[in-house]
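The values are calculated or read from the model by the stated rules, or taken from the named source; none is laboratory data. Computed from a prediction, not measured in an experiment: that's the story for all the values here. Counting neighbours? That spans all protein chains shown, and the Cβs are built from the backbone with ideal geometry, glycine included. These accessible areas exclude ligands, DNA and RNA; they are computed on the full protein's heavy atoms, side chains included. Shrake-Rupley method; radii C 1.70, N 1.55, O 1.52, S 1.80 Å.
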Amino acid sequence: MPDAILEVQEVHTFIGQFHILQGVSVSVPRGGIVVLLGRNGAGKTTTLKTILGLLPPRQGQVIFDGQSVQGRRSFDIAALGIGFVPEHRAIFRSLSVAENLKIAERARGDLDRKADFIFGLFPDLKRLYRLPGNHLSGGQQQMLAVARALVPDNRLLLIDEPSEGLAPIIIEQMMHAIRQLSAESTVLLVEQNFVVASQLAESYVIIEEGRSVQAGLMADLVVDRETIQRYLGAA
């Protein structure tokens with residue numbers, strides 16, 4: 001795909017002796033939002049970690065913006081312009097909101113340059129700027145996790161389960177923020193909530209038992225009840 005910012009080509013990834021990804025391919029066009037779909041344990045999170053080199057593939061290729069990242073260390077891959085929002089937020093709970101954001105800088109002044117954009121997306125974080133992470137609600141912690149990935153200049157954001165465990169009103173806020181930030185960066189999303197995924201993403205890839213089995217436009221998938229039932233278990 002000529003306009004792809006990311007190409008994952010037939011990757012095979014192991015965790016210990018377990019062969020988790022057994023041929024996953026994902027093409028992410030530049031701009032917009034792509035979602036990885038599949039049941040729990042299908043390999044979606046492992047795919048994100050493989051892209052970032054946290055779980056290096058034993059076979060296959062990961063190509064970001066035209067260059068292979070094979071064999072590079074995770075922080076070197078991230079420095080190319082990839083941000084990662086892990087599952088379960090993973091903020092530093094003893095650090096303040098300000099400190100969580102500050103340590104995400106790659107270059108001096110990143111946070112100052114991005115502050116207006118970040119606080120425009122997440123006004124709560126400006127109000128809670130000096131509070132430690134463990135004083136934030138679950139939704140506010142998720143906002144902070146996403147905001148942290150926005151501090152440096154990232155061209156691709158990998159976001160894992162942003163709606164997990166959130167109240168419906170917070171999910172709506174998070175969806176609004178992801179739509180806005182996708183105008184600045186390409187987003188590859190893992191999302192178990194199909195309603196959320198279908199309202200956010202323009203295209204999708206389905207992963208089943210460690211293999212990518214189908215990809216296409218979200219507009220086509222939402223009317224394909226047979227495929228949804230077969231791979232996602234949704235009615």
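Within region 19-41, the set of residues being open to solvent by 20 Å² or more (accessible area, probe 1.4 Å), modelled with pLDDT of 95 or more and either under 13 Å from Arg211 (Cβ atoms) or aromatic (Phe, Trp, Tyr) (or both) comprises His19, Ile20, Gln22, Ser25. The residues of region 113-128 that are open to solvent by less than 60 Å² (accessible area, probe 1.4 Å) and not acidic (Asp, Glu), listed by number, are Lys114, Ala115, Ile118, Phe119, Gly120, Leu121, Phe122, Leu125, Leu128.
Leu54 meets the stated requirement of being open to solvent by 40 Å² or more (accessible area, probe 1.4 Å), closer than 22 Å to Ser185 by Cα and either β-branched (Val, Ile, Thr) or in contact with a strand residue (DSSP E or B) (Cβ under 9 Å, 6 or more places away or on another chain) (or both). Among all residues of region 190-205, there is at least one that is aliphatic (A, V, I, L, M), over 15 Å from the mean Cα position of the chain (by Cα) and more than 17 Å from Thr47 (Cα to Cα). Quick check on Glu161: is it touching a residue at least 40 places away in the same chain (Cβ under 8 Å), under 24 Å from Thr47 (Cβ atoms) and touching a Ser or Thr at 6+ places or on another chain (Cβ under 7 Å)? Criteria not met by Glu161. Residues in region 57-76 that are under 15 Å from Ala104 (Cα atoms) and not acidic (Asp, Glu) were compared, and the one that is least open to solvent (accessible area, probe 1.4 Å) is Ser74.
Identification of strands (runs of 3 or more DSSP E) wholly contained in region 155-235 with 3 or more residues that are within 26 Å of Gly53 (Cα to Cα) and open to solvent by 20 Å² or more (accessible area, probe 1.4 Å) yields 211-217. Cβ-Cβ distances below 6 Å connect the following pairs, each with a first residue in region 194-219 that is under 18 Å from Val8 (Cα atoms), a second residue that is open to solvent by 20 Å² or more (accessible area, probe 1.4 Å) and of a type in the set (Val, Ile, Thr), and a separation of six or more residues or different chains: Ile206/Val213; Gly210/Ile20.
Consider Val151 carefully, then state whether it is in contact with a strand residue (DSSP E or B) (Cβ under 6 Å, 6 or more places away or on another chain) and either modelled with pLDDT of 95 or more or not polar (S, T, N, Q) (or both). So Val151 fails the test.
Tell me, yes or no, whether region 42-49 has at least one residue that is under 18 Å from the mean Cα position of the chain (by Cα), among the polar types (S, T, N, Q) and open to solvent by 10 Å² or more (accessible area, probe 1.4 Å). Scanning region 42-49 turns up at least one residue that is under 18 Å from the mean Cα position of the chain (by Cα), among the polar types (S, T, N, Q) and open to solvent by 10 Å² or more (accessible area, probe 1.4 Å). Per the conditions (1) in a helix (DSSP H, G or I); (2) within 26 Å of Ile20 (Cβ to Cβ), the sole criterion not satisfied by Gly83 is (1). So, of the residues in region 20-65 that are charged (D, E, K, R) and part of a helix (DSSP H, G or I), which turns out to be farthest from Asp76 (Cα to Cα)? The selected residue is Lys44.
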